[in-house]
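Just below is one structure, and these are the notes that go with it.
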Amino acid sequence: QVSPALRTPRLPVWLCSVLGRHSVLFGTDSRLLSDWKSERIFHLYLYSGEQEQTRTARLTIDTHSHHWEEAQREGPCSPGKRRPALEMAISTKWAGATVSWNGTEPFF
């Protein structure tokens, strides 16, 4: 039998499979599970266990970013507009959100 804590986690946790690589994306703010207002700007942490990842990546998610804040010089298919696969996965939960890797080189 599954423990109630496993069925209803106290902190937001997602198991991800992006491009055939598995990782854990998690938050440390329990309000993300119950208060939609806390989904404005928040942090998620990514751990993949891959050799190239030397520490847990801290991502900042901004769900209220504006399209005019992005550079308008490039077309949507240009190399400068391509997004890492993990950001595309995050956008399935928070459409239109911007993801900042906070100095970490995206490895997905």
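Values quoted throughout were computed directly from the atomic coordinates according to the rules given, and no laboratory measurement underlies them. Since this is a predicted model, take the numbers as computed values, not measurements. Cβ: placed from backbone, ideal geometry, glycine included. Neighbour counts: every protein chain shown.
Where a ≥ b ≥ c are the square roots of the eigenvalues of the C-alpha gyration tensor, would you call the stretch 1-70 rounded, which needs a/c under 1.5, or, failing that, prolate if a/b is larger than b/c, or oblate? It is oblate, given that a/c is not under 1.5 and a/b is not larger than b/c. Each other residue within a Cβ distance under 14 Å of Val13 adds +1 if Lys or Arg and -1 if Asp or Glu, for a net charge of +2.
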